[in-house]
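Peer 1: Structure below; questions to follow.
Bear in mind that the values in this text are calculations on the coordinates, not laboratory data. The structure presented is a predicted model; accordingly, all values stated were derived computationally and were not measured. Note: ideal-geometry Cβ built from the backbone for every residue, glycine included; neighbour counts use all protein chains shown.
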Amino acid sequence: MSADPRIVTPQHLDQEPAGEPPFDPLRLCVFATVALIAWVLGPIAVAVFAAIGFVGYLRARRAGLLRSRCKLGDTRIVLAYLAVMVATGVAGTVWALFGRHLGV
């Protein structure tokens, strides 16, 4: 019985494994998805994502994490940054919902 012609062997299985795996652009896809959500939902998305990040970093800090791989480094600075983002997102949401009615 011959093999099914619809089933093919991927090229990467025929080659010997290289020393370093190829670049996985998953992070770029995540960035694009977050940007799309932020664009569609506006300041609500900023507040929600920042709040999720804040809770995650707060839990990590309480568990003993003092330095983050984030560019800001110290988790206290990251928490302050995320708190400002939450406040900005909430303020933007309030302004978007009620600012037109207040004459602002």
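Peer 1: If each of V48 and R6 carries a label point 7 Å out from its Cα toward its Cβ, how far apart are those two points in nm?
Peer 2: In this crude label model, V48 to R6 measures out at 4.0 nm.
Peer 1: Only counting other Cβ atoms within 10 Å, I'd like W39, W95 sorted with the fewest neighbours first.
Peer 2: If I rank by nearby Cβ atoms, fewest first, I get W39, W95.
Peer 1: Here's something else I'd like to know. Determine, for I7, I44, the number of other Cβ atoms within 10 Å of each Cβ, and report the residues in order from fewest to most.
Peer 2: Going from sparsest to densest Cβ surroundings: I7, I44.
Peer 1: Here's another thing I want to ask about it. Between A87 and T33, how high is the FRET efficiency from 1/(1 + (r/R0)^6) when r is the Cβ-Cβ distance and R₀ = 22 Å? Nearest 0.05.
Peer 2: Working from the Cβ atoms, E equals 0.35.
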